[in-house]
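Working notes for the structure below.
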Amino acid sequence: MNSFDVVVIGSGPGGYVAAIRCAQLGMKTAIIEKYNTMGGTCLNVGCIPSKALLDSSHHYEEATKNFSNHGINIDGKISLDFSKMISRKNEVVSQTTKGIDFLMNKNNITVFNGLGSFVDQNNVKISSESSEEIIECKNIIIATGSKPTVLPFAKIDKDRIITSTEALKLKEIPKHLIVIGGGVIGLELGQVYKRLGSEVSIIEYMDKIIPTMDSGLSKELTKVFKKQKFKIHTSHKVTSVVRDGDYVNVIATDKNDQTIEFKGDYCLVSVGRSAYTDGLNLEALSIVTNKRGQIEVNDKLQTKHSNIYAIGDVVEGAMLAHKAEEEGVLVAEIIAGQKPHIDYNLIPGVVYTWPEVASVGKTEDYLKENNITYKVGQFPMRALGRSRASSDLDGFVKILADKKTDEILGVHMIGARCADLISEAVVAMEFKASAEDIARTSHAHPTYSEAMKEAALAATENRALHI
Ligand code: FAD
Ligand code: NAD
């Protein structure tokens, strides 16, 4: 029988990173993936394909709407080859997943293709169409990820009533895309199709889009999305989703109890994701999941069995690829006897719309609710030379710092390239920087990063220089 120091079940960013780190630390490592391609949700139907389509659709929008402002005239009609856009996305996915095969090989990690299920605390069965095998493992890491959450009254037919998975491989551009859920997926994929010409209606249950992020970001993004002609319906509770031939009828109730009807040709249900544990046979280990379907773990990410760990989307916390990766590394190092640590407050969140939205640390809403005294420094992107040069004028950087100590408690930004800019804030907060530390740091001119320095100056003594 094959025997390993560590077996990882699931090859998403949590699982494959855990496997690499275990192998780096000298452990004999295997990984089990039920699909034929490695990389999990993130590489196959999540982060990578959605960003590929966001990039392609951004180019299309620039060409059709903005090139002429730069004096670039394209003679003749700009046309869209949507099937090529989708096949380019598929090629990006394929290259990226092959990269994981390369990494597994390079690190001498044994890959098993098949469904992994528990036999007992030290044995896992791998079942594929053609074979069944049991392997022995000292330690097991469950990294089985998540699946889209469904609404009981909205049957996903994968044709017109769809989840993000289908939205990444449509065969035509919707005329009217109804998006249920104004969270990250709804806004990112909604923007892809808006740029390609769809009418897009977003129906959100809460009183604002991206409701878990700082309210200021939600307000600014709503303003920009309205300029981009999105129809946004907040405080709307969807009660019915019914397919009618090539159309989908959606009924919602607004905050005044009025019934509103929407008719579209596609309806994307993006109301969150749920932990995925089907087929694992957790019963064999008497591991029960909580009411959100997640596997419960302690602060070392151990389940009730000390040699069995769980990481990523299948456990509590932000459902983000980089959170899963950090947990993969943490568990590998714990198994190796080290004492690693994750500061979950410093896991950044990013929405890859344009403008991009990014956040780390505490929101202003949180500080108010918890009576924490703070200072605010905010700087608008439009005051930057760099923003004017590229005509990306929307957005701001907001720094929240402790009123007494000046330590940065949260950074919230919206604007061009904020997905990359947020790293400066994360590093600063990892080192417990004060707003003044950032304010006194040289930032290259002209860059969008100057908004960080200016917001820090504003938080320090209200002494931003360029406003
Ligand atoms: P997953 O990536 O879900 O991987 C789990 C793997 O386990 C899968 O391959 C599955 O097939 C396998 N598996 C499950 N059960 C078994 C079993 N019994 N045996 C064998 N294999 C099994 N996050 C970001 O940080 N940035 C983004 O830009 C971003 N964009 C996203 C866009 C979309 C459209 C979606 C849907 C998600 C996005 N996410 C993004 C979230 C991100 O994809 C997840 O947080 C991340 O993939 C979680 O990683 P994981 O390793 O926990 O699980
Ligand atoms: P989400 O939690 O970001 O947003 C879901 C939204 O749906 C929320 O605003 C919620 O209030 C709303 N909602 C819930 N029930 C509703 C209902 N019945 N009617 C109307 N609105 C309803 O979830 P998501 O957008 O589906 O994304 C799932 C996960 O994937 C998220 O946790 C996210 O972290 C991850 N993801 C991350 C990225 C990124 O990092 N850029 C991109 C895509 C997905």
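The values are calculated or read from the model by the stated rules, or taken from the named source; none is laboratory data. What you see is a predicted model; the values in this text were computed from it and never measured. In this analysis, Cβ positions are derived from the backbone assuming ideal geometry, glycine residues included, and neighbour counts consider all displayed protein chains. To get the accessible areas, we keep the full protein, side chains included, count just its heavy atoms, and leave off ligands, DNA and RNA. Shrake-Rupley method; radii C 1.70, N 1.55, O 1.52, S 1.80 Å.
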Q) Between the DSSP loop rule and a limit of at most 14 other Cβ atoms within 10 Å, which trypsin sites (Lys or Arg not before Pro) in segment 15-124 are left? A) Lys77
Q: Report, by chain and number, residues whose modeled amide H sits under 5 Å from the one on Leu409, excluding near sequence neighbours (fewer than 5 apart, same chain).
A: Leu400, Ala401, Asp402
**Q.** Separation in nanometres of the label points that stand 7 Å from Cα toward Cβ, at Leu103 and Arg243
**A.** 3.7 nm
Q: Among the trypsin sites (Lys or Arg not before Pro) in segment 157-206, which ones are in a DSSP loop with at most 16 other Cβ atoms within 10 Å of the Cβ? Mind listing them?
A: Lys158, Lys169, Lys171, Lys175
Q.
Out of the total accessible area of segment 118-228 (probe 1.4 Å, heavy atoms of protein only), what percent is carbon and sulfur?
A. 53 percent
**Q.** Local net charge near Met27, Cβ-Cβ under 15 Å (Lys/Arg +1, Asp/Glu -1)
**A.** 0
Q: Could you compute the FRET efficiency for Asn123 and Ser390, with r as their C-beta to C-beta distance and R0 at 51 Å, rounded to 0.05?
A: 0.35
Q) What is the spread of the Cα atoms of the chain along each of their three principal axes, largest first, in whole Å? A) 68, 61, 50
Q.
With every protein chain left in place and a probe of 1.4 Å, what is the accessible surface of Met206, to the nearest 10 Å²?
A. 90 Å²
Q) What number of lysine-lysine pairs in segment 202-314 show an alpha-carbon separation below 12 angstrom, given a sequence spacing of 8 or more or placement on distinct chains? A) 4
Q. What does the charge dipole of the chain about its Cα centre add up to, to the nearest 20 debye, if the Cβ of each Lys and Arg holds +1 and the Cβ of each Asp and Glu holds -1?
A. 860 debye
Q. Averaged per residue, what accessible surface does the chain expose to a 1.4 Å probe, in Å²?
A. 47 Å²
Q: Taking the Cα centre of segment 161-271 as origin, work out the dipole magnitude from +1 charges on Lys and Arg Cβ and -1 charges on Asp and Glu Cβ, in debye rounded to 20.
A: 380 debye
Q. Can you work out the FRET efficiency for the pair Lys227 and Glu436, with r the C-beta to C-beta distance and R0 = 45 Å, to the nearest 0.05?
A. 0.80
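Could you work out the Kirkwood radius for segment 161-271, taking every pair of different alpha carbons, averaging 1/r and inverting it, reported in Å?
13.9 Å
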Q) Straight-line reach from Lys368: which aspartates and glutamates have a Cα under 15 Å away, not including same-chain ones fewer than 8 places off? A) Asp214, Asp402
Q) Amide H neighbours of Thr149 under 5 Å, counting only residues 5+ apart in sequence or on other chains, H built in-plane at 1.01 Å? A) Val271, Gly272, Arg273, Ser274
Q.
Which one, Thr234, Ser215, Val179, projects farthest toward the positive side of the charge dipole computed for segment 161-271 from Cβ point charges (K/R +1, D/E -1)?
A. Ser215
Q: With an 8 Å cut-off on Cα pairs and a minimum separation of 6 or more residues, tell me the relative contact order of the chain in percent.
A: 14 percent
Q | Cut-off under 5 Å, modelled amide H: who pairs with Asn123 long-range | A | Cys137
Q.
Suppose R0 equals 30 Å. What FRET efficiency, 1/(1 + (r/R0)^6) with r the Cβ-Cβ distance, do Ser87 and Glu62 give to the nearest 0.05?
A. 0.90
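How high is the relative contact order of segment 346-459, in percent, counting Cα pairs under 8 Å that sit 6 or more residues apart?
Numbers: 249 pairs, mean separation 36.1, N = 114.
Once divided by the residue count of segment 346-459, the mean separation gives 32 percent.
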Q: Taking the Cα centre of segment 201-260 as origin, sum charge times position over the Cβ atoms of Lys and Arg (+1) and Asp and Glu (-1), and report the length of that vector in debye to the nearest 20.
A: 280 debye
